[in-house]
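Input: a single structure, listed below in structure tokens.
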Amino acid sequence: MRRILERWSLDPPLVLAVTALSMFGIAMIYSAGQVHVPNPVTEDAWIRQGLWFVLALGAFTLLARVPLLWIEWVAVPSYVVSVVLLALTLLVGEGRGTAAGVRSWIDLGFISFQPAEIAKLSTILALAHFLSQKDAALTSLRDLVPPAALVGLPLVLVMLQPDLGTAIAFVGILFAMLYWAATPVWLLLLVASPVIGLFLSYDTVVWSVYIVAVIGFLVLFRYKLYLFESVMLVLANFATASIARPLWNSLAPYQRNRILVFLDPEVDPRGAGYQVIQSKVAVGSGGFGGQGFTLGSQKRLDFLPEQHTDFIFSVVGEELGFVGTALAILAFGYVLTRLVRLAEGVGEKQPFAGLVLLGIFGAWLVHIFVNIGMTIGMVPITGIPLPFVSYGGTFLFMSWVAVAVAVRVAHERP
Amino acid sequence: MNIHHPHELQRRAVGAHLAVALFLSALIVGFFRIQVLGSDTWALRAASNRIRTLPIPAPRGTIYDREGRIVADNVPGYSITILPGPRDSVRATLERMSRYVELSDERVERLMDRMRVYGREVVVDANADFAAVAALEERRTEFPGVYVDMRPRRRYLMGGAGGHVTGYVGEITAEELGTDAFPEDRYEAGMVVGKIGIEREYEAMLQGQQGVRYVEFDARGRIVGDFEGVETRPAVAGEDLHLNLDMELQDWIHRIFPDSMSGAVVALDPEDGGVLALYSAPGYDPNDFVGGIADSTWARLNADEEDPLFNRSVLGLYAPASTWKLATAGIALDLGVVTPDQTMPEPCTGSWYWGNRSWGCWDPEGHGYNNLAEAIGNSCDVYFYQLGLRIGLERLLRRSTQIGFSRQCGIDLPQESRGEFPDRKEWYRERFGDVYLYGPTEGEALNLAIGQGPNSQTPLKMAQFYVALARDGSAPAPMLARGNGVAEGWELDLSAEHIAALQEGLRRVTAPGGTAHFGTALEHWDVLGKTGTGQNPLSVRGLAEDHAWFAGLAGPPGERPEVVVVALVEYGRSGGQVAAPIVAKTADFYLRRKYGIPVDTIQTYREHIMTGPVPAWYRERFPSAFRSRPASEPAIFAPSEPTWLSRPRTAPLDSVGSGVVPGAPGRAGPVGTPDRRLPLPGPTRASDGSRRSGGGP
């Protein structure tokens, strides 16, 4: 029995954990459909999710048997195909369900899917392929340009859909993989500094302290970067800070609202703040033990927004309480640490495998943190699903494909 | 350096683990703060999210008449309410609803406005019929934010007969809310309040205390059910109200009042000034107003030239005409400028020459020398011209004002007109400008003495004055509600002899040969009264008839009057023929019921001889009518003029005289709920030529 499991899954701890999470997700989607005034679409969502789960298991079984070499071979072509598909999405993409406003689906007639989900995985493979060729650490800004461009292309295309949530996942992929490719943390922070500065520029004093710290760092460790790069970094910081206001003004009102509401949901309780407030109300009223499976009153009475997709975790919070949320977060934590452990295990012989695992790790960490964080107002609301739990066929399927790739690359010994 | 050396990997894995721990513990701390530390706050928030308070309307107090019969009560009704929400969706819901509920576009706009102003639920239809309610309930999902509940609905049992008295209720308006009458600590939007009439006057008493219930809603505003766990505060009913009004008398007046005519009838109890009936025609059915009047009904009421919404009994101002001569007489007696037996120096010859012009008497035949009672009986203008001069303009104005002809009666209704009467000489110039630059001449006293001139009174005011004549010169304020104590009325300082003399004058009006005899002679009761022919802007120019007045006192023969009735019929032409029968029939109905005598629709002498032989009681009650002729020939009592009343029966005069009406229907027996056997005057002003051809006062 145990051998069968091992042979099928290659890595039982990871696969069992994500199987549990997937089934937990189906249960929560079922619960999310149990509302006072039933809606046939959401009521049966759990069945469709279950079918996708079965399909995903099948795909996992197949893909887990694909040789690592094939995966590495397919990396670049799949990246190219993904970028083309993303570009196509901008032309023929359609909205769906709770994400009706974005052009992220491609409809093939018999099936429709989100190219962005495929692009995430193929970008991970392509970047892993690129970074695994390097045998030295990337220690200068110039070294970071090619990998950044590699990820930047699909990222920009996704942003244009516009799907901010998935775009952020690409950032997670880039940083996690660069980190695994031995890029120093301080360099990553410096790369991120103009963006951090952009947000800190809302307050002159805070930003002043921040820019002094950045310049101070560059002066103290001036030997680590070329002078030209240091100057560029500082200039970039000044540039983002100075465009902060025009950028703010150029945002659409609803986008501005989202940021304002993130800072204080009560500024617009009926509009943009509504989702955060209702979600916090649901989560908060769950208390320690929760209201009981399928019994959440805010959910039943339809107060929760998008409760079977992006806000599925609010249902968890309301019905299963702190016990449920903490256990679910710990389960995700286990999955993430398992990925790191696998990457660590592949060793120096397979840098490609380790990078792929960390890429998946980066994407999921962003998904998990942003999705769960937004249900309690810790993170601004972006339409980003929770891996394995949120309703969504393509996403569940691609998550399982990622699992298959992960276990394959981790367990193939050359 | 080998960046993929196991040691390096291990170091970086620690970093990655740290990142996981950092991010996920941040999440766990966040959930801990909200779910464990802040759980109570959020649970409360969750409750207030979906629990709303809805008002439970309190039933209004029941209104009873003097016999304890219900005038206004509450019956269960359905009301449809919509909760506030986004404007577009509320509008769409209302538009969908208009398939099942009568909702015009204007009404939708009004409801939208009201929702915007109040920011809370608004009542779409406070009086929904069952079919509409059932249709909405079936399609609940189509109507988010709409709920149907039972609420007490006002019902007026007098209907159109008493609309002007009871008034009606309606939803409080934004303008009313917060005024002194509707303080915000007691009233809130959506409440049903008294708008007019007794409902408004006694609003504070009749209004109960709203209850509260807690209802669970879903996010789309659909009611899920009553919320368990929080006590509902029940509504407290308003206090009941008992009236002096006699509901059946009011209804009787409604039956006997000429259908197409406008006017007012006021019946007062001289004992305490209690209002027995307060009728104004045309009227309206207050039930139409309950739960919001239909636009079509409202338009019809407003378009009606007769103005059914105008309460003529307390708001209508009419020249009191000859009915006011009693006031002149009373003031003269009070001042001592005349005694009951005195005659005026100059006899009435049909006109009188004074101040360089001729002043006519209504009767060009003239009345000769009259004492006070005869002058009242003949309504002799010449006598009263001279009496007016004796009093003098100055004193006439002062005394009239003192006894209240320029004041309100103080009846317990929200609106009452103040009598229009000059209170001093300067009044003329203030009112009419420089025509009266040198002040009014004494000639004004002549006009005022016969009830002409700038003198307009309400029917209620005249009724109050005749209450004073039925008593001892004092009259309490007329009161609709019982037990409010006798409010201060007025005091006319008249001795018993003076009252007797005035009443004797009134008796002559209704005695055989008097102008109002035929229409007022009753089997069981003495009716005294005074006719009046009030000029009005149209009649002065010959465009319409004068207003017909009759003010009467009635009671058992030889005893104090027990009811005072004043009738005014607009453009009725003849007080004696049009207004007097209404008064007599009203008094007869009231007194018969008071003394337990069965009520008949054939009441006055005229009605009797129209439908049958001269009744036996008539010979007993009025032997004087037969003094000069053989008893078998009471021909003089047959109508001497072609009146409107003779038309329906077309009985030849001789057959009336012989006491046999061929084919006359049998008399109706005693009736509990009298039907209207004898059609009362219903001719329209324009078409009825015969009515106009008659003469006399």
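The values are calculated or read from the model by the stated rules, or taken from the named source; none is laboratory data. These figures come from a predicted structure and were not determined experimentally. Cβ sites come from the backbone with ideal geometry, for glycine too, and all protein chains shown count toward neighbours.
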Any idea which of (1) assigned to a helix (DSSP H, G or I); (2) surrounded by fewer than 24 Cβ atoms within 10 Å (Cβ to Cβ) is the one residue B:322 doesn't satisfy?
(2)
So the check is Cβ under 7 Å with 6+ separation or different chains; which pairs have a first residue in segment B:413-434 that's in contact (Cβ under 8 Å) with a residue 40 or more places away in the chain and a second one that's surrounded by 18 or more Cβ atoms within 10 Å (Cβ to Cβ) and aromatic (Phe, Trp, Tyr)?
B:419/B:405
Every listed condition ((1) crowded, with 17+ Cβ neighbours inside 10 Å; (2) basic (Lys, Arg); (3) touching a helix residue (DSSP H, G or I) at 6+ places or on another chain (Cβ under 9 Å); (4) more than 7 Å from chain A (Cβ to nearest Cβ)) holds for residue B:12 save (4)
Could you tell me which of the residues A:141, A:131 is under 24 Å from the mean Cα position of the chain (by Cα), farther than 22 Å from residue A:90 by Cα and among the hydrophobic types (A, V, I, L, M, F, W, C)?
A:131
Please state which one of B:625, B:579, B:587 is modelled with pLDDT under 85 and outside any loop (DSSP other than H, G, I, E, B).
B:625
If you go through segment B:289-319 one residue at a time, how many are touching a Leu at 6+ places or on another chain (Cβ under 8 Å), free of Cβ contacts under 8 Å to residues at least 40 places away in the same chain and in a helix (DSSP H, G or I)?
2
Among strands (runs of 3 or more DSSP E) completely within segment B:82-173, the ones holding 2 or more residues that are in contact with a Leu (Cβ under 9 Å, 6 or more places away or on another chain) and of a type outside the set (Phe, Trp, Tyr) are B:122-128, B:146-156
Complete set of residues in segment B:129-180 that are hydrophobic (A, V, I, L, M, F, W, C), in contact with a helix residue (DSSP H, G or I) (Cβ under 7 Å, 6 or more places away or on another chain) and closer than 30 Å to residue B:267 by Cβ:
B:158, B:161, B:165, B:169
Can you go through B:148, B:133 and tell me which one is at negative phi, in contact with an Asp or Glu (Cβ under 8 Å, 6 or more places away or on another chain) and of a type in the set (Val, Ile, Thr)?
B:148
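So which residues in segment B:351-363 are assigned to a loop (DSSP other than H, G, I, E, B) and touching a strand residue (DSSP E or B) at 6+ places or on another chain (Cβ under 7 Å)? Show your work before the answer.
Going residue by residue through segment B:351-363, those that are assigned to a loop (DSSP other than H, G, I, E, B) are B:355-356, B:361-363.
Result: B:361, single match.
Scan segment A:142-188 for residues that are within 13 Å of chain B (Cβ to nearest Cβ) and either modelled with pLDDT under 85 or in a helix (DSSP H, G or I) (or both) and report the count.
Pass one, segment A:142-188, residues within 13 Å of chain B (Cβ to nearest Cβ): A:143, A:172, A:175-186, A:188.
Applying the additional criterion that residues be either modelled with pLDDT under 85 or in a helix (DSSP H, G or I) (or both) yields A:143, A:172, A:175-180, A:185-186, A:188.
Summing the residues that are within 13 Å of chain B (Cβ to nearest Cβ) and either modelled with pLDDT under 85 or in a helix (DSSP H, G or I) (or both) in segment A:142-188 gives 11.
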Examine segment B:441-458 for a residue that is in contact (Cβ under 8 Å) with a residue 60 or more places away in the chain, closer than 13 Å to residue B:565 by Cβ and of a type outside the set (Lys, Arg), and state whether such a residue exists.
no
When you scan segment A:95-114, how many residues do you find that are modelled with pLDDT of 75 or more and among the hydroxyl-bearing types (Ser, Thr, Tyr)?
2
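Please specify each residue of segment B:7-51 satisfying the condition of being assigned to a helix (DSSP H, G or I) and under 60 Å from the mean Cα position of the chain (by Cα).
To start, the set of residues in segment B:7-51 that are assigned to a helix (DSSP H, G or I) comprises B:7-37, B:39-50.
Across segment B:7-51, the qualifying residues are B:40, B:41, B:42, B:43, B:44, B:45, B:46, B:47, B:48, B:49, B:50.
Rundown of residues vs (1) closer than 30 Å to residue B:139 by Cα; (2) touching a residue at least 40 places away in the same chain (Cβ under 8 Å), yes/no style:
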residue: A:35; (1), (2): yes, yes
residue: A:53; (1), (2): no, yes
residue: A:57; (1), (2): no, yes
residue: A:70; (1), (2): no, no
residue: A:84; (1), (2): no, no
residue: A:87; (1), (2): no, yes
residue: A:93; (1), (2): no, yes
residue: A:108; (1), (2): no, no
residue: A:113; (1), (2): no, yes
Would you mind telling me which numbered condition in (1) under 30 Å from residue A:409 (Cβ atoms); (2) loosely packed, with under 14 Cβ neighbours inside 10 Å; (3) at pLDDT below 90 residue A:92 fails?
(1)
Residue among B:55, B:59 that is in contact (Cβ under 8 Å) with a residue 12 or more places away in the chain, within 30 Å of residue A:300 (Cα to Cα) and either polar (S, T, N, Q) or more than 8 Å from chain A (Cβ to nearest Cβ) (or both)
B:55
The one condition residue B:39 fails out of (1) within 14 Å of chain A (Cβ to nearest Cβ); (2) touching a residue at least 24 places away in the same chain (Cβ under 8 Å) is (2)
Inspect segment B:424-436 for any residue being in contact with a strand residue (DSSP E or B) (Cβ under 7 Å, 6 or more places away or on another chain) and surrounded by fewer than 18 Cβ atoms within 10 Å (Cβ to Cβ) and give the result as yes or no.
no
Among (1) crowded, with 16+ Cβ neighbours inside 10 Å; (2) in contact with a Leu (Cβ under 6 Å, 6 or more places away or on another chain); (3) touching a residue at least 60 places away in the same chain (Cβ under 8 Å), the one test that residue B:462 misses
(2)
Restricting attention to segment A:293-348, which residues are outside any loop (DSSP other than H, G, I, E, B), more than 8 Å from chain B (Cβ to nearest Cβ) and aliphatic (A, V, I, L, M)?
A:312, A:315, A:316, A:320, A:323, A:327, A:328, A:331, A:335, A:339, A:342, A:346
Being closer than 23 Å to residue A:23 by Cα and either more than 9 Å from chain B (Cβ to nearest Cβ) or of a type outside the set (A, V, I, L, M) (or both) narrows it down to one residue among A:373, A:354; which is it?
A:373
Which one is surrounded by the fewest Cβ atoms within 10 Å (Cβ to Cβ) among residues in segment B:595-626 that are under 38 Å from the mean Cα position of the chain (by Cα) and within 15 Å of residue B:557 (Cβ to Cβ)?
B:595
So residue B:509 clears everything in (1) farther than 22 Å from residue B:397 by Cα; (2) under 28 Å from the mean Cα position of the chain (by Cα) except one condition, right? Which one?
(2)
Sort out which residues of segment B:249-270 are in a helix (DSSP H, G or I), in contact with a strand residue (DSSP E or B) (Cβ under 6 Å, 6 or more places away or on another chain) and aliphatic (A, V, I, L, M), and write them in order of number.
B:249, B:253
Those residues of segment B:291-315 which are modelled with pLDDT under 90 and either within 30 Å of residue B:382 (Cα to Cα) or crowded, with 22+ Cβ neighbours inside 10 Å (or both) amount to B:291
Kindly list the number of the only condition in (1) facing chain A (nearest Cβ under 7 Å); (2) of a type outside the set (Ser, Thr, Tyr); (3) in a loop (DSSP other than H, G, I, E, B); (4) buried (at least 21 other Cβ atoms within 10 Å of the Cβ) that fails for residue B:3.
(4)
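Among the residues in segment B:71-87, are any farther than 21 Å from residue B:149 by Cβ and in contact with a Ser or Thr (Cβ under 8 Å, 6 or more places away or on another chain)? First the steps, then the outcome.
Pass one, segment B:71-87, residues farther than 21 Å from residue B:149 by Cβ: B:71-72, B:86-87.
Narrowing further to those that are in contact with a Ser or Thr (Cβ under 8 Å, 6 or more places away or on another chain): B:71-72.
Checked segment B:71-87: at least one residue is farther than 21 Å from residue B:149 by Cβ and in contact with a Ser or Thr (Cβ under 8 Å, 6 or more places away or on another chain).
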